[in-house]
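Working notes for the structure below.
The values are calculated or read from the model by the stated rules, or taken from the named source; none is laboratory data. These numbers come from a predicted model, not from an experiment. Don't worry about glycine lacking a Cβ; one is built from the backbone with ideal geometry, like all the others, and counts go over all protein chains shown. Accessible surface areas use protein heavy atoms only, side chains included; no ligands, DNA or RNA. Shrake-Rupley method; radii C 1.70, N 1.55, O 1.52, S 1.80 Å.
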Amino acid sequence: TLFLRHTSASLIIQENADPDVLRDLANFMSKLVPEGNYYIHDAEGPDDMPGHIRTVLTRTSESIPINNGNLVLGTWQAIYIWEHRQYNHNRDLVVHISG
C-alpha cells in the first residue's frame with residue numbers, strides 16, 4: 001500500500017512510455033480546475049485551493065500487488081506523485097508491505 005500524506009498532491013498509475021500523456025493530463029486538470037481569484041481559501045497562494053480540489057478528484061493511496069519482489073504493474077504503467085501546486089514541495093510517501 002502506498003499512501004501520500006498531503007492534500008494538494010496525489011498518486012496516479014499512468015503510462016510511462018510517452019511523457020505527452022502526463023502533460024495532457026496536467027493540461028486537462030488545469031482546465032477542469034483552473035487557478036484564479038474565485039476561491040475563498042488561498043492561504044498559500046493562487047494554486048492552494050485548486051491543488052486541494054484536484055486531489056479530491058484523484059487519489060492519495062494505491063494498493064499494488066508484489067510478486068517475487070517486484071511491483072505487479074502493466075507493461076506501460078508507472079506510479080507517479082502528481083504535484084498539483086505550481087512549485088515543488090517536499091512530499092512524504094508511506095509504504096506498507098504485508099504478506
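Below is a table of values for the structure above.
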read-out: Cleavage-rule hits (trypsin sites (Lys or Arg not before Pro)) in the chain: DSSP loop, at most 15 neighbouring Cβ within 10 angstrom; value: Arg5, Arg59, Arg91
read-out: Net charge of Cβ neighbours under 15 Å - reference Val33; Lys, Arg +1; Asp, Glu -1; value: -2
read-out: Loop sites in the range 1-58: chymotrypsin sites (Phe, Trp or Tyr not before Pro), DSSP, at most 11 other Cβ within 10 Å; value: Tyr38
read-out: Portion, in percent, of the accessible area of the chain that falls on carbon or sulfur, probe 1.4 Å; value: 52
read-out: Under 5 Å, built H, 5+ apart or other chain: amide partners of Arg59; value: Leu11
read-out: Inter-part distance where the range 61-77 and the range 4-23 are each reduced to a Cα centre, Å; value: 15
read-out: Charge sum, other residues only, whose C-beta stays under 12 Å from Tyr80's C-beta, Lys/Arg counted +1 and Asp/Glu -1; value: -1
read-out: Mean projected area in nm² (Cα convex hull; one quarter of hull surface) for the chain; value: 7.1
read-out: Local electrostatic count at Met49 - Lys and Arg +1, Asp and Glu -1, tallied over other residues with Cβ under 12 Å; value: -3
read-out: Accessible area in square angstrom per residue, the chain, 1.4 angstrom probe; value: 69
